[in-house]
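What follows is a set of notes on a single structure, which appears directly below.
We did not get these values from a lab; they are worked out from the coordinates using the rules stated. All figures in this text were calculated on a predicted structure; none of them were measured in a lab. Using ideal geometry, Cβ is built from the backbone for each residue, glycine included, and neighbour counts are taken over all protein chains shown.
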Amino acid sequence: MKILCRRTGKDTRHLWAIAMETIVGTILIVDDEPDICDMLNDCMSGRGFNCHTTQDPVYASELLRLHYYDVVISDISMPGLSGLELLAAAKAFSPASRVILITGFSARENLAQAIALGAFDYIQKPVDIAELTEAVFKAASGVGAALNLPTRAATAMLSNAKAEQVISETTRALIHAVEAKDPYTRRHSEQVTHYAVHFAQAAKLPPDEVNSIRLAALLHDIGKIGVPDHILTKPTSLTEDEFEHIRRHPALGADIIINITSLGKEAAMARHHHERWDGAGYPDGLAGSDIPLGARIIHVADSMDAMLMQRSYKKGYPVQKMLGEMLRCSGTQFDPDMVSLAANWCQQNPSKLILATKEAMAG
Ligand SMILES: [Fe+2]
């Protein structure tokens, strides 16, 4: 008999066999419905896992404080403490435990929060045992990237709605998720969008391309969902290993965006927003006009905003210093045409610059 996973349609018997042979893991099962607790306990115990169950989420958070569990399977809607609060507790007391939430995909705000809080997976009720077992196997064995969940979320949100509404809702959910991880990224993405749209209009691009650049700019750093929090918000300089994590965000972001129907162009712009004109950028080392135009525009807008903004480790650059830096890197880091276009725009539209302090304009 085949055991098909509802999500992938694949036969999962081999995963179960491997799980039973190689994994001796502990699972904490939390659901206020006793029947579901019993059912999950029977299924997972039968597959070789050592399970604890409780219907009380407050007691579950105490257990997490005292014991290590490889995997936590939790309902979201429970009296006393929600599954999201329990997820936050798990991340605080036992960061290595992987949490699988069980609920319906209808609550999109929950989904955004689940992604931001670091849930490993999010399974829709009624629970498909093959789907849950596959997720538990991956969680217990350490298989599966942090992007499993946001990528699937984007796909799931597409299923029953019109494309435009979904794009806007998915974009909002993903941006909320990044904002919860790092408030700077949300503000930065909006400011980069502001500059990128003005530059695209100044370049006289047609309205559909301007709109495409607007969406890509909003989503360009979405891959930071997959960068560990302590690296993303580290106030001091990064080690080479930590910087390697940061360098993955454009490709990770593109992998998420590509799941949203009709956003192929935007995914490419997000993937290439750290490429350099001279080919020394990442992730693919593209050079010159091989880099999509939208990505070249976002790269200039991104760098400009990063220089102008104040961070915990640096002051915001004055406008003239920022422009000097852009010109210095014209033809190496940046497309020279985009630099002159951006510099002209800045000089003609000083009131549209978003600055850390008033003094920055005069500097
Ligand atoms: Fe970036």
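Between Asn344, Ala180, Ser168, the Cα set farthest toward the positive side of the dipole of the stretch 161-362 (charges on each charged residue's Cβ, about the Cα centre) is that of Asn344.
For the pair Ala92 and Gln348, label points projected 7 Å from Cα toward Cβ lie 5.3 nm apart.
Can you work out the FRET efficiency for the pair Glu244 and Asp284, with r the C-beta to C-beta distance and R0 = 22 Å, to the nearest 0.05?
The value I calculate is 0.90.
Placing dummy labels 7 Å off each Cα toward the beta-carbon, the span from Ile129 to Glu179 is 4.2 nm.
Protection proxy ranking, highest mean first, for peptides 285-298, 196-209, 213-226: 213-226, 285-298, 196-209, where packing is the per-residue count of other beta-carbon atoms within 10 Å, averaged.
One chain, two ends: Ser45 and Tyr59. Fully extended at 0.36 nm per residue, the span grows by 3.0 nm beyond their Cα-Cα distance. The value given for the stretch 161-362 is a Kirkwood hydrodynamic radius of 17.1 Å, derived from the mean inverse Cα-Cα separation. Judged by the mean number of other Cβ atoms found within 10 Å, the most tightly packed of the peptides 265-275, 70-80 leads the ranking 265-275, 70-80.
Checking the cross-link pairs Lys265/Lys315; Lys138/Lys265; Lys181/Lys315; Lys181/Lys234 against a 24 Å limit on the alpha carbon distance flags Lys265/Lys315; Lys138/Lys265 as lying beyond it. Specify the inter-centroid distance of the stretch 42-67 and the stretch 301-335, based on alpha-carbon positions, in whole Å. Comparing the Cα centres of the stretch 42-67 and the stretch 301-335, I get a distance of 51 Å.
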